[in-house]
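Shown next, in structure tokens, is the structure this report addresses.
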Amino acid sequence: MTSLTSLDSATSLDAAEDAAENSADSITTADERSPAELAAGRLRLRRENRRLFVRRFLANKSAVIGSALLLLVAVVSLLAPWLTGRDPYALEVADRLKPPGAEYPLGTDNFGRDLLTRVLYGTRMSAEIGFVVALSSSLLGLVVGLYAGYVKWLDQILMRVMDGLFAFPAILLAIAMMAALGPSVGNLMICLTIVFVPSIARLVRSSTLVAKEQTYVEAMHALGASHNRIVWKHLMPAALSPLIVQGSFVFAEAIIVEAALSFLGAGIPAPTPSLGNLLSDGKLFIYNSSWMTIFPGLALVVVVLAMNLFGDGLRDLLDPHARRAGKKR
Amino acid sequence: MAFYIARRLLATIPVLFVLSVIVFLIIYLIPGDPAAVMLGDGASPETIEALREQMGLNLPLLQQYGRWIGHALQGNLGDSLFMRQSVRAALAEHLGPTLSLAVLAELIAVVIALPLGIRAASRRGEAADKALTGFSLFGITVPGFVLSMFTVLLFSVQLKWLPVSGYKPLSAGLWTHLQYLILPALSLGIVQAALLARVVRSSMLDVLNESFVKTALAKGVGERGIVYRHVLHNSWLPILTVVGGSFGTLIAGAAVIESIFNIPGMGQLLVNSVQRRDYSVIQGVVLFVAFAYVLVNLVVDLLYAIVDPRVRLQ
């Protein structure tokens, strides 16, 4: 209590917060070390923490494999135009439905387009959509979840809407919205974002509900912090690590739903190479040209696997307690 | 008990309301005039106006919703523009195959997941447990429709054991019926089994830590007795909840799988309607499946409370 009263004279909330943080950082608040010594100590502590983190990361198999695969996917996505030197739209009618061989490593499709090039571009498209959807639904879900958790009357309204959205099986809602909006990459991103916001919002809300009962939030109220300040500076950090983990699973899930929608003809319009479109072409020629199904299918599995392993690893690193709780979608 | 049921029922109403509003608003996502889009190019202004009138698009929004939901609650979901039948009739026609597929897939999932989950929980950290970890990663990673295309390649194209696609109703004989359903159901079921096995394992582990298990052990109850009589008995509820809740996912998953195997179920109805821009059918299918999904979850929750009194008191 004495520390609270002494803060009365603090000129700004920032100073108060800094003081609180500093006293939490260094264990010996009472002694009189010089600021330089303290700074050096803090630096050492930070370096030690980083070393520990690296060691924990390397000990975590799924994090390492996931990151490696993710790096591969990222490189492939960024370099897609240069890796084969071919145009994913270039028709070579004489070479249609060629099996994998020297000239076309993964064969060609029914229009004689190089499958390897199309799979690379498709992977790039999947990664792009997964990334945008994960990011935008995380941001929206964060805002909705934070305010629903913090403001009681908003909770009723926001969470009823989220419950309603959550009651739809994801693919179904996305198909219905895409049917109305019309197939395009932009529309797909919008639909998938709407579909995945509720799961993030629920997660953020539940961590906010817990965090707002903590004493430090009460202390911030007592110090006169504004609601927005409490929400963004003190509640948001508590929600961040589960949010990042869930975001990586949304990334994987969005890629699957995108592929399913494109596969059904309700996603990305036809000539654009996306993994779902490639699989949909493959279905037509499944009898004689199995490579048109196998390679896009494997590419899809690798991208999703990368994201899932990465998410699993992240969860172990950021949130060891959630290990047993399992995944919620 | 009655209080619990009443509370649970009341809590479902806003969800159903929001859900119906979302389905209703789908039409308004259409860029431009929905009636003109539905009729396509070359429709005369008179026919467009007639359809607008028929759909009630000229009414105020609230009144439109009232009209639509009023009809829907009486089982009238409107008429299909293309199939010359009511949406309700179309749904009834396509419900059977999807239900068959979902039930079979659920059966397969349970048959795989139960023994695997039980074994993994009772021998924690051993081979079965590690297999389950790998299997559940497989389940969330490989989408059902990709798995089913791979199984088609293997069993139908390479080995020629099973038909590639098509559907025969149950009236054509059980074996013929199953022959066409086994591949799609297997692909759906395996993915579902991976999620279910994880739940079986974790709910068994929760019970294994209870003190009555220690008591049983001290009494000299054998391992089988503990696992099957004491632990499994007390782990049923979360398992059943997940099984019930997964029906919605299975039906949605069936939508994609049906189009691969050319099964005339609700998924195919939906996909065909998307291509024909037959919005009343799209709304009907989505509303029906989502309602069914919410109601199944409600029933499971209520059963849960009947079997386990602790739930009611919370």
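The values are calculated or read from the model by the stated rules, or taken from the named source; none is laboratory data. Small disclaimer: the values here were computed from a predicted structure and weren't measured. Cβ: placed from backbone, ideal geometry, glycine included. Neighbour counts: every protein chain shown.
Which members of region B:264-296 meet the condition of being without any contact (Cβ under 8 Å) to a residue 60 or more places away in the chain, within 20 Å of A:L284 (Cα to Cα) and more than 8 Å from chain A (Cβ to nearest Cβ)?
B:N272
How many of the residues in region B:106-145 are in contact with a Gly (Cβ under 6 Å, 6 or more places away or on another chain) and buried (at least 21 other Cβ atoms within 10 Å of the Cβ)? Walk me through how you get there before you give the answer.
Of the residues in region B:106-145, the ones in contact with a Gly (Cβ under 6 Å, 6 or more places away or on another chain) are B:108-109, B:144.
Cutting the leftovers down to buried (at least 21 other Cβ atoms within 10 Å of the Cβ) gives us B:109, B:144.
Summing the residues that are in contact with a Gly (Cβ under 6 Å, 6 or more places away or on another chain) and buried (at least 21 other Cβ atoms within 10 Å of the Cβ) in region B:106-145 gives 2.
Look through B:V227, B:V207, B:V213 and report the one residue that is β-branched (V, I, T) and within 14 Å of another protein chain (Cβ to nearest Cβ). Spell out how you get there, then give the answer.
Details: B:V227 fails: within 14 Å of another protein chain (Cβ to nearest Cβ); B:V213 fails: within 14 Å of another protein chain (Cβ to nearest Cβ).
Matching residue, one of B:V227, B:V207, B:V213: B:V207.
Is at least one residue of region A:61-69 under 30 Å from A:S289 (Cβ atoms) and at pLDDT 70 or above? Steps first, answer last, please.
Within region A:61-69, the subset under 30 Å from A:S289 (Cβ atoms) is A:69.
This time we only want the ones that are at pLDDT 70 or above, so: A:69.
Yes, because at least one residue in region A:61-69 is under 30 Å from A:S289 (Cβ atoms) and at pLDDT 70 or above.
To keep it simple, each residue is scored yes or no on (1) under 21 Å from B:V285 (Cβ atoms); (2) of a type in the set (S, T, N, Q); (3) more than 14 Å from chain B (Cβ to nearest Cβ); (4) in a helix (DSSP H, G or I).
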| residue | (1), (2), (3), (4) |
| --- | --- |
| A:A180 | yes, no, no, yes |
| A:P183 | yes, no, no, no |
| A:L188 | yes, no, no, yes |
| A:I194 | yes, no, no, yes |
| A:V197 | no, no, no, yes |
| A:L209 | no, no, yes, yes |
| A:E213 | no, no, yes, no |
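Could you grab me the full set of residues in region B:191-202 that are crowded, with 23+ Cβ neighbours inside 10 Å and within 11 Å of chain A (Cβ to nearest Cβ)?
B:V191, B:R198, B:R201 - these are the residues of region B:191-202 that are crowded, with 23+ Cβ neighbours inside 10 Å and within 11 Å of chain A (Cβ to nearest Cβ).
Collect the residues in region B:85-105 that are closer than 19 Å to B:I239 by Cα and either outside any helix (DSSP H, G or I) or in contact with a Gly (Cβ under 8 Å, 6 or more places away or on another chain) (or both), keeping them in residue-number order. Let's see the steps before the verdict.
Applying the first criterion (closer than 19 Å to B:I239 by Cα) to region B:85-105 yields B:102-105.
Those that are closer than 19 Å to B:I239 by Cα and either outside any helix (DSSP H, G or I) or in contact with a Gly (Cβ under 8 Å, 6 or more places away or on another chain) (or both): B:L104, B:A105.
If you check every pair at least six apart or on different chains, which have Cβ atoms under 9 Å apart with a residue in region A:153-176 that is more than 9 Å from chain B (Cβ to nearest Cβ) first and a residue that is assigned to a helix (DSSP H, G or I) and acidic (D, E) second?
These pairs meet every condition: A:A174/A:E258.
Checking the conditions here, which among B:I263, B:I306 is modelled with pLDDT under 80 and in the same structural domain as B:V207 (by TED's automatic domain parsing)? Can you show your working first?
Details: B:I263 fails: modelled with pLDDT under 80.
Going through B:I263, B:I306 in turn, the sole match is B:I306.
Exactly one condition in (1) buried (at least 20 other Cβ atoms within 10 Å of the Cβ); (2) at positive phi is not met by A:G182; state its number.
It is condition (1) that A:G182 fails.
Of all residues in region B:152-161, which are under 15 Å from B:A185 (Cβ atoms) and buried (at least 19 other Cβ atoms within 10 Å of the Cβ)?
Across region B:152-161, the qualifying residue is only B:V152.
With respect to B:V110, is the statement that it is away from chain A (no Cβ under 14 Å) and assigned to a helix (DSSP H, G or I) true?
Details: away from chain A (no Cβ under 14 Å): yes; assigned to a helix (DSSP H, G or I): yes.
So B:V110 fits the description; yes.
With the checklist (1) of a type outside the set (G, A, S); (2) closer than 30 Å to B:D308 by Cβ; (3) buried (at least 17 other Cβ atoms within 10 Å of the Cβ) in hand, flag the one item B:V23 doesn't pass.
Condition (2) is where B:V23 drops out.
Six or more apart or on different chains, Cβ atoms under 7 Å: show the pairs whose first residue is in region A:230-247 and free of Cβ contacts under 8 Å to residues at least 40 places away in the same chain and whose second is among the hydroxyl-bearing types (S, T, Y) and surrounded by fewer than 18 Cβ atoms within 10 Å (Cβ to Cβ).
Pairs that qualify, where the first residue is free of Cβ contacts under 8 Å to residues at least 40 places away in the same chain and the partner is among the hydroxyl-bearing types (S, T, Y) and surrounded by fewer than 18 Cβ atoms within 10 Å (Cβ to Cβ), are A:H234/A:Y216.
Can you tell which of A:G85, A:G149, A:G112, A:G122 is within 30 Å of B:V15 (Cβ to Cβ) and either in contact with a helix residue (DSSP H, G or I) (Cβ under 9 Å, 6 or more places away or on another chain) or assigned to a helix (DSSP H, G or I) (or both)? Even if it seems obvious, please write down each step before you answer.
Details: A:G85 fails: within 30 Å of B:V15 (Cβ to Cβ); A:G112 fails: within 30 Å of B:V15 (Cβ to Cβ); A:G122 fails: within 30 Å of B:V15 (Cβ to Cβ).
That would be A:G149, the only listed residue that is within 30 Å of B:V15 (Cβ to Cβ) and either in contact with a helix residue (DSSP H, G or I) (Cβ under 9 Å, 6 or more places away or on another chain) or assigned to a helix (DSSP H, G or I) (or both).
Being closer than 11 Å to B:P143 by Cβ and without any contact (Cβ under 8 Å) to a residue 40 or more places away in the chain is the filter; apply it to region A:277-305 and report the residue that is surrounded by the most Cβ atoms within 10 Å (Cβ to Cβ).
The extreme case among them is A:L279.
When both residues are 6+ apart or on different chains and their Cβ atoms are under 7 Å apart, which pairs have a first residue that lies in region B:154-182 and is away from chain A (no Cβ under 12 Å) and under 21 Å from B:L95 (Cβ atoms), and a second that is among the hydrophobic types (A, V, I, L, M, F, W, C) and in a helix (DSSP H, G or I)?
B:H177/B:L170; B:L181/B:L101; B:L181/B:L104
Give region B:251-263 a look and list any residue that's in a loop (DSSP other than H, G, I, E, B) and either free of Cβ contacts under 8 Å to residues at least 40 places away in the same chain or over 11 Å from B:L101 (Cα atoms) (or both), or say none.
Start the filter on region B:251-263 by keeping residues that are in a loop (DSSP other than H, G, I, E, B), which leaves B:262-263.
Of everything in region B:251-263, just one residue is in a loop (DSSP other than H, G, I, E, B) and either free of Cβ contacts under 8 Å to residues at least 40 places away in the same chain or over 11 Å from B:L101 (Cα atoms) (or both), namely B:N262.
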